[in-house]
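The values are calculated or read from the model by the stated rules, or taken from the named source; none is laboratory data. Keep in mind that this is a model prediction, so the values were computed, not measured. Heads up, the Cβs are rebuilt from the backbone with ideal geometry, glycines too, and the neighbour counts pull from every protein chain shown.
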Amino acid sequence: MNIKTCEKKEKGEAEIVVDVSPEEFEAAVGKAFMKNRNQITIPGFRRGKAPRKIVERMLGPTTFHADALEILFPDVVGFAKDESGLRLVGRPGLEDVEIREDDGGADFKVVSAVYPEATLGEYKGLRATRRVGGVAESEIDSEIETVRTRNASMESVDRPAKEGDLVVIDYEGFIDGKPFAGGKDEDHELELGSGSFIPGFEEKLLGIAAGEEREIDLVFPEDYEEGFAGKPAVFKVKACEVREKLLPDLDDEFAKDVSEFDTFEEYKASIREKHEKAYKEDSDIAFENELMDMLAESIEADVPDVMVDEQQKASMKGFVERLSAYGIQLDKYLEMTNTTPEEFRDNMRQKSEKQVRISLALEKIAELEGIEVSAEDIENDYKEASERYGTEIGKLKESTTEEDVAFEIKKRRAVAIVVESAVTDAAEPADK
(Lines give C-alpha, C1' and ligand atoms only; values in the text may rest on other atoms or scores of the structure.)
Protein backbone atom coordinates (compact mmCIF):
# COMPACT_ATOMS: atom_id res chain seq x y z
CA MET A 1 0.00 0.00 0.00
CA ASN A 2 0.95 3.62 -0.43
CA ILE A 3 -0.65 7.03 0.00
CA LYS A 4 -1.65 8.29 -3.42
CA THR A 5 -3.13 11.64 -2.36
CA CYS A 6 -3.85 13.33 0.97
CA GLU A 7 -5.92 16.47 0.97
CA LYS A 8 -7.56 18.48 3.75
CA LYS A 9 -11.13 19.50 3.10
CA GLU A 10 -13.61 21.85 4.77
CA LYS A 11 -15.11 21.27 8.23
CA GLY A 12 -11.97 19.61 9.58
CA GLU A 13 -12.05 16.61 7.24
CA ALA A 14 -9.37 14.97 5.14
CA GLU A 15 -9.61 12.87 1.98
CA ILE A 16 -6.95 10.20 1.66
CA VAL A 17 -6.57 7.93 -1.35
CA VAL A 18 -4.74 4.70 -0.53
CA ASP A 19 -3.27 2.65 -3.36
CA VAL A 20 -3.69 -1.10 -2.79
CA SER A 21 -1.33 -3.10 -4.98
CA PRO A 22 -2.57 -5.86 -7.34
CA GLU A 23 -0.88 -8.47 -5.11
CA GLU A 24 -2.61 -7.17 -1.98
CA PHE A 25 -5.98 -7.04 -3.69
CA GLU A 26 -5.52 -10.55 -5.09
CA ALA A 27 -4.65 -11.86 -1.62
CA ALA A 28 -7.85 -10.31 -0.24
CA VAL A 29 -9.95 -11.88 -3.03
CA GLY A 30 -8.38 -15.22 -2.13
CA LYS A 31 -9.42 -14.76 1.51
CA ALA A 32 -12.93 -13.80 0.41
CA PHE A 33 -13.16 -16.97 -1.70
CA MET A 34 -12.04 -19.15 1.22
CA LYS A 35 -14.57 -17.42 3.45
CA ASN A 36 -17.47 -18.14 1.09
CA ARG A 37 -16.51 -21.39 -0.64
CA ASN A 38 -18.61 -23.67 1.60
CA GLN A 39 -21.77 -21.73 0.70
CA ILE A 40 -21.26 -22.18 -3.04
CA THR A 41 -22.61 -25.10 -5.09
CA ILE A 42 -21.23 -25.71 -8.59
CA PRO A 43 -22.59 -28.57 -10.74
CA GLY A 44 -20.10 -31.45 -10.87
CA PHE A 45 -18.40 -30.50 -7.59
CA ARG A 46 -19.15 -31.24 -4.00
CA ARG A 47 -20.15 -28.16 -1.96
CA GLY A 48 -17.05 -26.09 -1.23
CA LYS A 49 -14.73 -28.13 -3.48
CA ALA A 50 -14.98 -26.18 -6.74
CA PRO A 51 -11.76 -24.29 -7.61
CA ARG A 52 -11.91 -20.52 -7.49
CA LYS A 53 -11.35 -20.13 -11.24
CA ILE A 54 -14.33 -22.38 -11.98
CA VAL A 55 -16.50 -20.46 -9.48
CA GLU A 56 -15.54 -17.08 -10.97
CA ARG A 57 -16.15 -18.42 -14.49
CA MET A 58 -19.64 -19.52 -13.48
CA LEU A 59 -20.62 -16.61 -11.19
CA GLY A 60 -18.54 -13.78 -12.63
CA PRO A 61 -15.00 -12.42 -12.03
CA THR A 62 -16.18 -9.86 -9.48
CA THR A 63 -18.05 -12.35 -7.29
CA PHE A 64 -15.71 -11.92 -4.32
CA HIS A 65 -14.77 -8.27 -4.78
CA ALA A 66 -17.24 -6.88 -2.24
CA ASP A 67 -15.99 -9.19 0.50
CA ALA A 68 -12.39 -8.50 -0.53
CA LEU A 69 -12.96 -4.77 -0.09
CA GLU A 70 -14.48 -5.40 3.34
CA ILE A 71 -11.46 -7.49 4.31
CA LEU A 72 -9.04 -4.81 3.12
CA PHE A 73 -10.76 -1.77 4.65
CA PRO A 74 -9.44 -2.10 8.27
CA ASP A 75 -5.88 -2.43 6.97
CA VAL A 76 -6.40 0.52 4.61
CA VAL A 77 -7.65 2.69 7.49
CA GLY A 78 -4.75 1.65 9.72
CA PHE A 79 -2.29 2.43 6.93
CA ALA A 80 -3.90 5.84 6.33
CA LYS A 81 -3.64 6.69 10.03
CA ASP A 82 0.00 5.64 10.23
CA GLU A 83 1.29 7.02 6.93
CA SER A 84 -0.82 10.07 6.05
CA GLY A 85 0.97 12.33 8.50
CA LEU A 86 -2.42 13.47 9.81
CA ARG A 87 -3.92 12.87 13.24
CA LEU A 88 -7.23 11.24 12.35
CA VAL A 89 -10.06 11.06 14.88
CA GLY A 90 -13.22 9.03 15.06
CA ARG A 91 -13.99 6.21 12.67
CA PRO A 92 -12.90 6.95 9.07
CA GLY A 93 -15.41 6.19 6.35
CA LEU A 94 -15.04 4.80 2.85
CA GLU A 95 -16.28 7.36 0.35
CA ASP A 96 -15.35 5.53 -2.84
CA VAL A 97 -13.30 2.63 -4.14
CA GLU A 98 -12.05 1.97 -7.66
CA ILE A 99 -10.73 -1.38 -8.78
CA ARG A 100 -8.22 -0.57 -11.50
CA GLU A 101 -8.65 -2.42 -14.77
CA ASP A 102 -5.10 -1.86 -15.94
CA ASP A 103 -3.29 -3.72 -13.15
CA GLY A 104 -5.97 -5.21 -10.87
CA GLY A 105 -5.10 -3.04 -7.89
CA ALA A 106 -7.56 -0.74 -6.07
CA ASP A 107 -7.81 2.88 -4.94
CA PHE A 108 -9.61 3.44 -1.61
CA LYS A 109 -10.84 6.97 -0.98
CA VAL A 110 -11.03 7.34 2.82
CA VAL A 111 -12.64 10.34 4.49
CA SER A 112 -11.97 11.13 8.13
CA ALA A 113 -12.20 13.93 10.67
CA VAL A 114 -8.81 15.42 11.49
CA TYR A 115 -7.59 16.48 14.92
CA PRO A 116 -7.97 20.25 14.82
CA GLU A 117 -5.10 22.71 14.82
CA ALA A 118 -5.63 25.07 17.73
CA THR A 119 -4.68 28.71 18.01
CA LEU A 120 -4.51 30.01 21.56
CA GLY A 121 -4.30 33.55 22.82
CA GLU A 122 -2.76 34.61 26.14
CA TYR A 123 -3.10 31.95 28.80
CA LYS A 124 -0.90 33.43 31.52
CA GLY A 125 -2.00 36.25 33.75
CA LEU A 126 -5.71 35.60 33.24
CA ARG A 127 -7.93 37.33 35.78
CA ALA A 128 -10.54 35.33 37.72
CA THR A 129 -12.54 35.62 40.93
CA ARG A 130 -11.68 33.63 44.04
CA ARG A 131 -14.04 33.44 47.00
CA VAL A 132 -12.48 34.69 50.20
CA GLY A 133 -13.55 35.07 53.79
CA GLY A 134 -14.09 31.64 55.18
CA VAL A 135 -16.78 29.58 56.83
CA ALA A 136 -19.82 31.08 58.54
CA GLU A 137 -20.04 30.24 62.25
CA SER A 138 -23.63 29.11 61.69
CA GLU A 139 -22.40 26.24 59.46
CA ILE A 140 -20.23 24.89 62.26
CA ASP A 141 -23.01 25.27 64.83
CA SER A 142 -25.47 23.58 62.47
CA GLU A 143 -23.30 20.47 62.07
CA ILE A 144 -22.73 20.23 65.82
CA GLU A 145 -26.48 20.59 66.41
CA THR A 146 -27.15 17.78 63.92
CA VAL A 147 -24.75 15.49 65.81
CA ARG A 148 -26.30 16.61 69.09
CA THR A 149 -29.81 15.76 67.86
CA ARG A 150 -28.65 12.39 66.59
CA ASN A 151 -27.33 11.59 70.08
CA ALA A 152 -30.41 12.80 71.93
CA SER A 153 -32.18 10.51 74.40
CA MET A 154 -35.96 10.12 74.71
CA GLU A 155 -37.70 10.28 78.09
CA SER A 156 -41.34 9.52 78.79
CA VAL A 157 -43.20 12.58 80.13
CA ASP A 158 -46.58 13.09 81.76
CA ARG A 159 -47.70 16.20 79.90
CA PRO A 160 -49.38 17.19 76.61
CA ALA A 161 -47.26 16.69 73.50
CA LYS A 162 -45.51 19.62 71.86
CA GLU A 163 -43.55 20.02 68.63
CA GLY A 164 -40.35 17.99 68.70
CA ASP A 165 -41.81 15.36 71.01
CA LEU A 166 -42.14 11.75 69.97
CA VAL A 167 -45.63 10.31 70.43
CA VAL A 168 -46.36 6.59 70.38
CA ILE A 169 -49.79 6.07 68.82
CA ASP A 170 -52.28 3.47 67.66
CA TYR A 171 -54.27 4.67 64.66
CA GLU A 172 -56.67 3.54 61.97
CA GLY A 173 -57.81 5.49 58.92
CA PHE A 174 -61.23 5.43 57.24
CA ILE A 175 -62.44 6.64 53.84
CA ASP A 176 -66.21 6.84 53.38
CA GLY A 177 -66.54 5.13 56.75
CA LYS A 178 -64.49 2.11 55.69
CA PRO A 179 -60.93 1.22 56.76
CA PHE A 180 -58.39 1.24 53.92
CA ALA A 181 -55.29 -0.86 53.28
CA GLY A 182 -52.16 0.48 54.93
CA GLY A 183 -54.14 2.89 57.10
CA LYS A 184 -53.66 1.09 60.43
CA ASP A 185 -50.73 0.68 62.82
CA GLU A 186 -50.01 0.13 66.52
CA ASP A 187 -47.23 1.55 68.69
CA HIS A 188 -46.23 3.79 65.83
CA GLU A 189 -43.50 6.29 66.80
CA LEU A 190 -44.07 9.74 65.29
CA GLU A 191 -41.99 12.86 65.86
CA LEU A 192 -44.25 15.91 65.81
CA GLY A 193 -42.97 18.43 63.30
CA SER A 194 -41.08 15.84 61.22
CA GLY A 195 -43.52 16.10 58.30
CA SER A 196 -43.49 12.34 57.87
CA PHE A 197 -47.29 11.99 57.82
CA ILE A 198 -49.80 13.56 55.43
CA PRO A 199 -50.15 17.34 55.89
CA GLY A 200 -52.17 18.34 58.94
CA PHE A 201 -51.91 15.03 60.81
CA GLU A 202 -49.05 15.97 63.11
CA GLU A 203 -50.39 19.47 63.77
CA LYS A 204 -53.68 18.00 65.02
CA LEU A 205 -51.81 15.80 67.50
CA LEU A 206 -50.23 18.77 69.28
CA GLY A 207 -51.39 18.86 72.90
CA ILE A 208 -52.43 15.20 73.01
CA ALA A 209 -51.60 13.34 76.24
CA ALA A 210 -50.96 9.67 76.95
CA GLY A 211 -54.23 7.75 77.03
CA GLU A 212 -56.12 10.43 75.09
CA GLU A 213 -58.10 9.54 71.93
CA ARG A 214 -58.84 11.83 68.98
CA GLU A 215 -60.53 11.73 65.60
CA ILE A 216 -58.63 13.64 62.96
CA ASP A 217 -60.36 14.79 59.78
CA LEU A 218 -58.00 15.27 56.83
CA VAL A 219 -58.00 15.39 53.04
CA PHE A 220 -55.32 13.50 51.13
CA PRO A 221 -53.20 15.83 48.90
CA GLU A 222 -54.09 16.01 45.21
CA ASP A 223 -50.65 14.64 44.27
CA TYR A 224 -50.97 11.62 46.59
CA GLU A 225 -50.89 8.10 45.22
CA GLU A 226 -53.71 6.88 43.00
CA GLY A 227 -56.85 5.85 44.88
CA PHE A 228 -56.30 8.32 47.74
CA ALA A 229 -55.56 11.66 46.04
CA GLY A 230 -58.00 14.38 47.09
CA LYS A 231 -60.15 12.08 49.23
CA PRO A 232 -61.33 13.05 52.74
CA ALA A 233 -60.38 10.64 55.51
CA VAL A 234 -60.91 10.19 59.25
CA PHE A 235 -58.14 8.85 61.49
CA LYS A 236 -58.98 7.43 64.90
CA VAL A 237 -55.90 7.94 67.06
CA LYS A 238 -54.97 6.88 70.59
CA ALA A 239 -51.84 8.24 72.25
CA CYS A 240 -50.01 5.53 74.16
CA GLU A 241 -47.02 7.58 75.32
CA VAL A 242 -45.40 10.99 74.95
CA ARG A 243 -41.61 11.16 74.94
CA GLU A 244 -39.48 14.26 75.23
CA LYS A 245 -36.22 14.61 73.31
CA LEU A 246 -33.38 15.40 75.73
CA LEU A 247 -30.38 16.93 74.03
CA PRO A 248 -26.94 16.34 75.57
CA ASP A 249 -25.04 19.33 76.94
CA LEU A 250 -22.35 20.72 74.66
CA ASP A 251 -19.47 19.92 76.98
CA ASP A 252 -16.31 17.84 77.10
CA GLU A 253 -18.29 14.64 77.80
CA PHE A 254 -20.29 15.21 74.63
CA ALA A 255 -17.06 15.68 72.65
CA LYS A 256 -15.65 12.42 74.04
CA ASP A 257 -18.84 10.54 73.13
CA VAL A 258 -19.02 11.70 69.51
CA SER A 259 -15.35 12.14 68.54
CA GLU A 260 -11.76 11.28 69.35
CA PHE A 261 -11.25 14.62 71.12
CA ASP A 262 -11.13 15.18 74.89
CA THR A 263 -12.61 18.69 75.00
CA PHE A 264 -15.53 20.39 73.32
CA GLU A 265 -13.29 23.21 72.09
CA GLU A 266 -10.99 20.72 70.33
CA TYR A 267 -13.99 19.01 68.79
CA LYS A 268 -15.46 22.30 67.55
CA ALA A 269 -12.06 23.36 66.19
CA SER A 270 -11.89 20.11 64.18
CA ILE A 271 -15.33 20.82 62.69
CA ARG A 272 -14.19 24.33 61.76
CA GLU A 273 -10.98 22.97 60.17
CA LYS A 274 -12.96 20.45 58.11
CA HIS A 275 -15.35 23.13 56.84
CA GLU A 276 -12.53 25.55 56.06
CA LYS A 277 -10.69 22.86 54.11
CA ALA A 278 -13.85 22.08 52.11
CA TYR A 279 -14.44 25.81 51.58
CA LYS A 280 -10.91 26.28 50.22
CA GLU A 281 -11.22 23.24 47.95
CA ASP A 282 -14.53 24.52 46.56
CA SER A 283 -13.01 27.98 46.10
CA ASP A 284 -10.00 26.53 44.28
CA ILE A 285 -12.23 24.45 42.00
CA ALA A 286 -14.45 27.42 41.17
CA PHE A 287 -11.38 29.58 40.47
CA GLU A 288 -9.89 26.93 38.18
CA ASN A 289 -13.20 26.34 36.38
CA GLU A 290 -13.52 30.06 35.63
CA LEU A 291 -10.04 30.05 34.10
CA MET A 292 -10.82 26.93 32.06
CA ASP A 293 -14.00 28.58 30.75
CA MET A 294 -11.84 31.49 29.56
CA LEU A 295 -9.56 29.08 27.70
CA ALA A 296 -12.55 27.37 26.07
CA GLU A 297 -13.88 30.71 24.84
CA SER A 298 -10.53 32.03 23.61
CA ILE A 299 -9.25 29.05 21.67
CA GLU A 300 -9.70 29.03 17.91
CA ALA A 301 -10.20 25.53 16.54
CA ASP A 302 -12.47 23.84 14.02
CA VAL A 303 -13.68 21.08 16.34
CA PRO A 304 -15.05 18.03 14.46
CA ASP A 305 -18.46 16.80 15.58
CA VAL A 306 -17.05 13.32 16.14
CA MET A 307 -14.80 14.61 18.96
CA VAL A 308 -17.80 16.14 20.71
CA ASP A 309 -19.80 12.96 20.06
CA GLU A 310 -17.15 10.81 21.73
CA GLN A 311 -16.84 13.15 24.71
CA GLN A 312 -20.62 13.27 25.10
CA LYS A 313 -20.80 9.47 25.05
CA ALA A 314 -18.07 9.22 27.72
CA SER A 315 -19.70 11.95 29.85
CA MET A 316 -23.11 10.25 29.62
CA LYS A 317 -21.59 6.91 30.65
CA GLY A 318 -19.81 8.46 33.62
CA PHE A 319 -22.91 10.38 34.71
CA VAL A 320 -25.15 7.30 34.58
CA GLU A 321 -22.56 5.29 36.54
CA ARG A 322 -22.42 7.95 39.26
CA LEU A 323 -26.21 7.96 39.51
CA SER A 324 -26.27 4.18 39.74
CA ALA A 325 -23.82 4.32 42.65
CA TYR A 326 -26.58 6.14 44.55
CA GLY A 327 -29.25 3.73 43.33
CA ILE A 328 -30.83 6.26 40.95
CA GLN A 329 -31.80 5.52 37.36
CA LEU A 330 -31.45 8.21 34.69
CA ASP A 331 -35.20 8.42 34.00
CA LYS A 332 -35.83 8.90 37.73
CA TYR A 333 -33.21 11.66 37.85
CA LEU A 334 -34.86 13.45 34.92
CA GLU A 335 -38.20 13.21 36.70
CA MET A 336 -36.73 14.55 39.96
CA THR A 337 -35.08 17.51 38.20
CA ASN A 338 -38.06 18.16 35.92
CA THR A 339 -35.80 17.82 32.87
CA THR A 340 -36.79 16.38 29.49
CA PRO A 341 -34.47 13.91 27.75
CA GLU A 342 -33.95 16.49 24.99
CA GLU A 343 -32.96 19.19 27.49
CA PHE A 344 -30.61 16.78 29.22
CA ARG A 345 -28.91 15.79 25.95
CA ASP A 346 -28.59 19.43 24.83
CA ASN A 347 -27.04 20.41 28.14
CA MET A 348 -24.65 17.45 28.04
CA ARG A 349 -23.74 18.36 24.46
CA GLN A 350 -22.82 21.91 25.42
CA LYS A 351 -20.71 20.72 28.34
CA SER A 352 -18.99 18.13 26.16
CA GLU A 353 -18.07 20.70 23.53
CA LYS A 354 -16.60 22.92 26.24
CA GLN A 355 -14.61 19.98 27.65
CA VAL A 356 -13.17 19.24 24.20
CA ARG A 357 -12.17 22.87 23.70
CA ILE A 358 -10.53 22.99 27.15
CA SER A 359 -8.63 19.79 26.38
CA LEU A 360 -7.39 21.25 23.08
CA ALA A 361 -6.30 24.43 24.84
CA LEU A 362 -4.40 22.52 27.54
CA GLU A 363 -2.71 20.33 24.94
CA LYS A 364 -1.61 23.47 23.09
CA ILE A 365 -0.24 24.96 26.33
CA ALA A 366 1.71 21.76 27.00
CA GLU A 367 3.18 22.04 23.51
CA LEU A 368 4.10 25.73 23.89
CA GLU A 369 5.59 25.14 27.35
CA GLY A 370 7.54 22.08 26.23
CA ILE A 371 6.01 19.89 28.91
CA GLU A 372 7.55 16.42 28.86
CA VAL A 373 6.39 13.28 30.67
CA SER A 374 8.87 10.58 31.63
CA ALA A 375 8.34 6.85 32.03
CA GLU A 376 8.81 7.39 35.77
CA ASP A 377 6.04 10.02 35.78
CA ILE A 378 3.68 7.56 34.11
CA GLU A 379 4.55 4.75 36.52
CA ASN A 380 4.05 7.04 39.53
CA ASP A 381 0.67 8.07 38.17
CA TYR A 382 -0.37 4.42 37.89
CA LYS A 383 0.74 3.86 41.51
CA GLU A 384 -1.19 6.87 42.80
CA ALA A 385 -4.32 5.80 40.91
CA SER A 386 -3.94 2.28 42.27
CA GLU A 387 -3.80 3.56 45.87
CA ARG A 388 -6.63 6.04 45.32
CA TYR A 389 -9.09 3.58 43.79
CA GLY A 390 -7.87 0.37 45.41
CA THR A 391 -7.24 -1.21 42.01
CA GLU A 392 -4.29 -3.34 40.99
CA ILE A 393 -1.78 -1.54 38.77
CA GLY A 394 -1.95 -4.37 36.24
CA LYS A 395 -5.69 -3.85 35.76
CA LEU A 396 -5.21 -0.09 35.38
CA LYS A 397 -2.61 -0.69 32.69
CA GLU A 398 -5.01 -3.00 30.87
CA SER A 399 -7.73 -0.34 30.80
CA THR A 400 -5.63 2.82 30.32
CA THR A 401 -2.73 3.15 27.89
CA GLU A 402 0.53 4.89 28.79
CA GLU A 403 -0.21 7.39 26.02
CA ASP A 404 -3.50 8.34 27.70
CA VAL A 405 -1.82 8.65 31.11
CA ALA A 406 0.91 10.88 29.66
CA PHE A 407 -1.74 13.05 28.00
CA GLU A 408 -3.58 13.53 31.30
CA ILE A 409 -0.35 14.39 33.14
CA LYS A 410 0.48 17.01 30.53
CA LYS A 411 -2.98 18.54 30.88
CA ARG A 412 -2.72 18.67 34.69
CA ARG A 413 0.62 20.45 34.43
CA ALA A 414 -0.82 22.86 31.89
CA VAL A 415 -3.70 23.63 34.28
CA ALA A 416 -1.17 24.35 37.03
CA ILE A 417 0.64 26.84 34.78
CA VAL A 418 -2.61 28.70 34.05
CA VAL A 419 -3.74 28.72 37.70
CA GLU A 420 -0.38 29.70 39.21
CA SER A 421 0.05 32.62 36.80
CA ALA A 422 -3.52 33.90 37.15
CA VAL A 423 -4.44 37.22 38.74
CA THR A 424 -6.96 36.93 41.57
CA ASP A 425 -9.96 39.18 42.09
CA ALA A 426 -11.34 38.57 45.58
CA ALA A 427 -15.07 38.04 45.92
CA GLU A 428 -17.14 39.40 48.78
CA PRO A 429 -16.23 37.66 52.07
CA ALA A 430 -18.69 35.06 53.34
CA ASP A 431 -20.75 36.06 56.38
CA LYS A 432 -19.45 34.64 59.63
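Remarks
- Selected residue [of a type outside the set (A, V, I, L, M, F, W, C), farther than 23 Å from Pro116 by Cβ and at pLDDT below 95] from Thr5, Thr41: Thr41
- Here the condition is being among the hydrophobic types (A, V, I, L, M, F, W, C), closer than 30 Å to Leu368 by Cα and assigned to a strand (DSSP E or B); of Val110, Val89, it holds for Val89 alone.
- Number of positions in segment 142-156 that are assigned to a helix (DSSP H, G or I) and either aromatic (Phe, Trp, Tyr) or surrounded by 14 or more Cβ atoms within 10 Å (Cβ to Cβ) (or both): 4
- Of all residues in segment 394-407 being of a type in the set (D, E, K, R) and loosely packed, with under 15 Cβ neighbours inside 10 Å, the one that is farthest from Ile358 (Cα to Cα): Lys395
- Some residue of segment 8-21 being loosely packed, with under 13 Cβ neighbours inside 10 Å and at pLDDT 90 or above: no
- Conditions (1) more than 30 Å from Asp185 (Cβ to Cβ); (2) surrounded by 14 or more Cβ atoms within 10 Å (Cβ to Cβ); number of the one not met by Glu281: (2)
- Filter pass, Lys53 being in contact (Cβ under 8 Å) with a residue 12 or more places away in the chain, surrounded by fewer than 16 Cβ atoms within 10 Å (Cβ to Cβ), in the same structural domain as Arg87 (by TED's automatic domain parsing) and out of contact with any Asp or Glu (no Cβ under 6 Å at 6 or more places or on another chain): no
- Answer residue from segment 409-428, given it is more than 25 Å from the chain's Cα centre (by Cα) and small (Gly, Ala, Ser) and is farthest from Ala375 (Cα to Cα) among those: Ala427
- Residue match in segment 31-38 (condition: within 18 Å of Phe79 (Cβ to Cβ), assigned by TED's automatic domain parsing to the domain that holds Lys81 and assigned to a helix (DSSP H, G or I)): yes
- So Glu310, is it within 22 Å of Val114 (Cα to Cα), under 17 Å from the mean Cα position of the chain (by Cα), surrounded by 15 or more Cβ atoms within 10 Å (Cβ to Cβ) and charged (D, E, K, R): yes
- Scanning segment 177-196 for residues being aromatic (Phe, Trp, Tyr) and in contact with a helix residue (DSSP H, G or I) (Cβ under 9 Å, 6 or more places away or on another chain) gives a total of 0.
- Of the numbered criteria (1) surrounded by 13 or more Cβ atoms within 10 Å (Cβ to Cβ); (2) assigned to a helix (DSSP H, G or I); (3) not hydrophobic (A, V, I, L, M, F, W, C), the one Thr391 fails is (2).
- Residues of segment 190-211 that are hydrophobic (A, V, I, L, M, F, W, C) and assigned to a strand (DSSP E or B): Leu190 alone.
- Segment 1-35, subset among the polar types (S, T, N, Q) and within 45 Å of the chain's Cα centre (by Cα), residue farthest from Gly60 (Cα to Cα): Thr5
- Residue within segment 160-177 that is closer than 30 Å to Glu225 by Cα, among the hydroxyl-bearing types (Ser, Thr, Tyr) and without any contact (Cβ under 8 Å) to a residue 12 or more places away in the chain present: no
- Total residues in segment 126-137, condition over 12 Å from Asp425 (Cα atoms) and either in a loop (DSSP other than H, G, I, E, B) or not acidic (Asp, Glu) (or both): 4
- Scanning segment 368-388 for residues that are surrounded by 10 or more Cβ atoms within 10 Å (Cβ to Cβ), assigned to a helix (DSSP H, G or I) and small (Gly, Ala, Ser) yields Ala385, Ser386.
- Hits in segment 9-30 - residues which are among the acidic types (Asp, Glu) and either in contact (Cβ under 8 Å) with a residue 40 or more places away in the chain or in a loop (DSSP other than H, G, I, E, B) (or both): Glu10, Glu13, Glu15, Asp19, Glu24, Glu26
- Residue match in segment 124-135 (condition: polar (S, T, N, Q) and surrounded by fewer than 16 Cβ atoms within 10 Å (Cβ to Cβ)): yes
- So Arg357, is it surrounded by 12 or more Cβ atoms within 10 Å (Cβ to Cβ), among the charged types (D, E, K, R) and free of Cβ contacts under 8 Å to residues at least 60 places away in the same chain: no
- Criterion violated by Arg214 - all others in (1) under 30 Å from Ile169 (Cβ atoms); (2) part of a loop (DSSP other than H, G, I, E, B) satisfied: (2)
- Residues in segment 248-268 include at least one that is surrounded by 14 or more Cβ atoms within 10 Å (Cβ to Cβ), at pLDDT 95 or above, under 30 Å from Ala210 (Cα atoms) and not polar (S, T, N, Q).
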